[in-house]
1. Quick one: would you say S53 is surrounded by fewer than 17 Cβ atoms within 10 Å (Cβ to Cβ) and under 15 Å from T73 (Cα atoms)?
2. What tally of residues in segment 16-40 results from selecting those that are under 11 Å from the mean Cα position of the chain (by Cα) and surrounded by fewer than 17 Cβ atoms within 10 Å (Cβ to Cβ)?
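The values are calculated or read from the model by the stated rules, or taken from the named source; none is laboratory data. Bear in mind the structure is a predicted one, so any value in this text is a computation, not a measurement. Here the Cβ positions follow ideal geometry from the backbone for every residue, glycine too, while neighbour counts run over all protein chains shown. Areas reflect the complete protein model, heavy atoms only, side chains present, ligands, DNA and RNA absent. Shrake-Rupley method; radii C 1.70, N 1.55, O 1.52, S 1.80 Å.
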Amino acid sequence: MQIEINRSTLSLTRDGLVAIRDGHGTRIVCHAGSLWITQECDVKDAVITAGESFTVSHPGLTLVTALSASELTIIEPRVAALPRPWQPAPSSELQREPAVCA
């Protein structure tokens, strides 16, 4: 079974893991605890703590591991890109080239 989720808030215990496949543009928001984020084709990992966020910048697999009990929200790019009612929609979209692993 495959479940499509636009926005999800999760609680992870220490060493809990979330795998995001092909999540380029997905935003990860840490509300509590700390998260270790590693992306396929990226040699640099990221650690974020409560109040911080991270945007997936590579296609492929992204792993989010809780370094301590954590709460996080995962926001799909289409949801993150929607304008807020009080903000005008962007006048143009930026075109991005797909990342290629060598």
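1. Against the criterion (surrounded by fewer than 17 Cβ atoms within 10 Å (Cβ to Cβ) and under 15 Å from T73 (Cα atoms)), S53 qualifies.
2. Going through segment 16-40 one residue at a time, the tally reaches 5.
One line per residue, one yes/no per condition, for (1) at pLDDT 95 or above; (2) open to solvent by less than 80 Å² (accessible area, probe 1.4 Å); (3) out of contact with any Asp or Glu (no Cβ under 8 Å at 6 or more places or on another chain):
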residue	(1), (2), (3)
T9	no, no, no
V47	yes, no, yes
R78	no, no, yes
A81	no, yes, yes
Q87	no, no, yes
L94	no, no, yes
